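Only the coordinates and a few stated rules stand behind these numbers; no lab work does. Quantities reported herein were computed from a predicted structural model and do not represent experimental measurements. With ideal geometry, Cβ positions are generated from the backbone for all residues, glycine too; neighbour counts draw on all protein chains shown.
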Amino acid sequence: MTKIDSSVPAPVLIIGGGPVGFAVALDLARRGQRSVLVEREAGTALELLAKAGTLNERTMEIARSWGIADRIANCGFPSDYPRDNVFCTAINGFFMGRDPLHSADDRPVPPYAAEKLRKCPQHLFDPLIAQAAMETGLVDVRYSTTYNRLEQDAEGVTVWLEGPSGEYALRAAYVVACDGGASQVRQDLGISWEGVKLDNSLSLMLRIPELWNYHPWGKAERFLCIGPQGTYANLTMVDGTDIYRLTLVGSQERLDVDMIDIRAQVQKALGPDVPFEVLRIVPWWRAQMLAGQYRVGRVLLCGDSAHTTSPTGGHGLNTGIGDAQDIGWILDAVLSGWGGETLLDAYGAERRPVAYRNTSGSTKNYRAWIDQSRDKVCEDSPEGAAQRKAVFEGMSASLTQEWHSHGVGLGYRYEGSPVIVPDGTPEPADDPTLYVQTARPGHRAPHAWIRNGFSTLDLFGRGFVLLRFRGGPDGSALARAAAERHVPLTVETIDDPVIAALYEQPLVLVRPDGMVAWRGAALPEDPGKLIDTVRGA
Ligand SMILES: Cc1cc2nc3c(=O)[nH]c(=O)nc-3n(C[C@H](O)[C@H](O)[C@H](O)COP(=O)(O)OP(=O)(O)OC[C@H]3O[C@@H](n4cnc5c(N)ncnc54)[C@H](O)[C@@H]3O)c2cc1C
């Protein structure tokens, strides 16, 4: 018989304890909100994950606001390991070219970001973020617990869960579905799931000790193996030591692991002399998919349950972390009583277009990988050499936006959000590679160092912040209007003329997630109306 666990009614129930589920729990906990998180597996990262390895600058800024940026930087991935991409026909084959990319040690923090990109493979990142969430003491983590079904009414959601001692039901005010690309919650809500299926891929997790001793090209993050039919394999360094992921790319048929000669496939890429051990075999569907909506009533989708992408670009997890940060402050606002219903609508209005933008760019990268077939690329002849040069130059140019994606990571914007007040300035270009900071409403508030090691971004993260640049008008009427509505808001005065120029207006209102909500030369006549708009009243 189903028990109702009403002893611990949860403000938020998070379904799925992947990295995004724990990110939601951590963001909520940093805001003082309790959550229950259920995960069907018996623990976190119990297997060697064949997934994300790169946390972009924006994810690292969010991690900084959660207090875990240093832990990620010291996760165990060697900071002197280069991020170079080598193009070749095989590890024992022809060299085509190299796109050099710095190691963490050699990579400066960009002038427009508070953090640098970090390598942190998911088998290290997932336990790290789970631990950080659990340390807050505000997350009730229930492993070996599977979501079965849910029903919602005006006051909350009843969720039936299958735990180690049987089925029980839990009441929650809100549910965040972080149950991955095959999301049962999304299906139960009847939300459409549309996009493009790209290929069947197979990732082989390999241990290859000292691979760099078997070829003359030194250490690299990725070896793209290209044959007459185009890119057939991608060998990516996972842990900076001896674990690699070899992804066999581009089959339209479902790859049947039992029918494939795994050893032959690995040796096609590595050659016959490189010793290796197969640690894990993971077949997966490469697809650009997007949920038709991000919310039904009190249930919201987040992370891969809302969008999946080709990993070409490394934006899947990074996009999910952005979702988690947006959902965190919105649910906190609503649960605290000062946020209105429109905030819940704003979540999808803001994050869905970002997911479409990021996943479409990744599909474009993927096409650049596979559209490079040349019949003589493996021939030891002048024509072969000419084709190898052409393939490298073409791919290198097309993949610039894959290797250098500051614009994707930092330049997303919440155009048309119902809780952002436009200032009438035109939307700047959305370039995947180039990022130009702007304090235009709907964009990430610009970073600048206020003093050594202290960024403008370090002012944000809890309530709203009204930035007032020296000489700017008094902002106290806005603070009063916020206080009357129980909206947390502080006024910060900044003297620095360089930072003032970056923000362009003397008054800039920044949200708890570090996004600009409004800016102006003076407060509007009715400051209460402005507060009501940005709190979704
Ligand atoms: C080869 C590859 C390389 C990638 N590289 C990158 C990269 O470099 N950068 C990047 O940003 N992204 C990358 N990604 C994408 C990234 O791995 C995903 O976007 C990320 O794991 C999504 O996290 P999530 O928490 O949303 O979902 P998941 O990681 O899928 O987690 C979902 C969780 O929900 C649990 N669950 C599911 N159903 C239930 C249920 N009914 N009840 C309870 N629990 C349930 C699952 O057990 C799982 O733990 C890559 C992906 C692949 C495949």
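Details
- Protection proxy ranking of 437-443, 215-221 - average other beta-carbon atoms within 10 Å, highest first: 437-443, 215-221
- The modelled label-to-label distance for the pair Arg98/Tyr356, using points 7 Å beyond Cα in the direction of Cβ, is 4.2 nm.
- Paramagnetic reach from Ala522 (point 7 Å along Cα→Cβ, amide N under 11 Å) across region 463-506: 473-474
- Across the cross-link table entries Lys51/Lys364; Lys268/Lys389; Lys119/Lys268; Lys219/Lys268, which are compared at the Cα atoms, the separations over 23 Å belong to Lys119/Lys268.
- The chain, helix-only ellipticity at 222 nm - DSSP H runs n ≥ 4, -39,500 (n - 2.57), divided by all residues, nearest 500: -9000 deg cm²/dmol
- Cα gyration tensor shape for region 415-534, rounded if a/c is under 1.5, else prolate or oblate: oblate
- Sequence-separation-based contact order of region 431-472, relative, with Cα cut under 8 Å and 6+ spacing, percent: 19 percent
- Take 356-367, 66-77, 258-269 and order them by the average number of nearby Cβ atoms within 10 Å per residue, most first; the result is 356-367, 66-77, 258-269.
- The modelled label-to-label distance for the pair Glu162/Glu492, using points 7 Å beyond Cα in the direction of Cβ, is 4.8 nm.
- With Cα atoms defining each centre, region 132-179 and region 34-79 are spaced 21 Å apart in the structure.
- Stretchable slack from Glu393 to Ser476, in nm (0.36 nm times residue separation minus alpha-carbon distance): 24.2 nm
- Looking at region 1-136 alone, DSSP beta bridges between its own residues are antiparallel in about 60 percent of cases.
- The Cα center of region 479-526 and the Cα center of region 436-475 differ in position by 8 Å.
- Inter-centroid distance (Cα atoms) of region 310-382 relative to region 404-422, Å: 12 Å
- Karplus 3J(HN,Hα) series, Hz, for region 170-185 with 6.51 cos²θ - 1.76 cosθ + 1.60 (x for Gly, Pro): 10, 9, 9, 6, 9, 10, 10, 8, 10, 9, x, x, 8, 2, 6, 4
- Relative protection proxy for 400-413, 201-214, 491-504, from highest mean packing down: 400-413, 201-214, 491-504 (other beta-carbon atoms within 10 angstrom).
- Contact order for the chain, expressed relative to its length and based on alpha carbon pairs under 8 Å spaced 6+ residues apart, stands at 15 percent.
- At least 20 Å along the helix axis (C-alpha) and Kyte average at least -1.0, DSSP helices within the chain: 316-336, 341-370, 382-398
- Our coupling estimate for region 295-312, obtained by passing each phi through the Karplus curve with A = 6.51, B = -1.76, C = 1.60 and θ = phi - 60°, is 8, 10, x, 9, 10, 10, 8, 8, x, 4, 5, 9, 7, 10, 8, 5, x, 5 Hz, Gly and Pro reported as x.
- Taken along the Cα-to-beta-carbon direction at a fixed 7 Å, the label points for Thr433 and Ile281 span 4.0 nm.
- Dipole moment magnitude, nearest 20 debye, the chain about Cα centre, only Lys, Arg, Asp, Glu C-beta charged: 280 debye
- Taking the DSSP beta bridges with both ends in the chain, the antiparallel portion is around 70 percent.
- Remark: region 418-424, residue by residue, has Karplus-estimated 3J(HN,Hα) of x, 10, 10, 9, x, 10, x Hz, where x stands for each Gly or Pro and the curve is 6.51 cos²θ - 1.76 cosθ + 1.60 at θ = phi - 60°.
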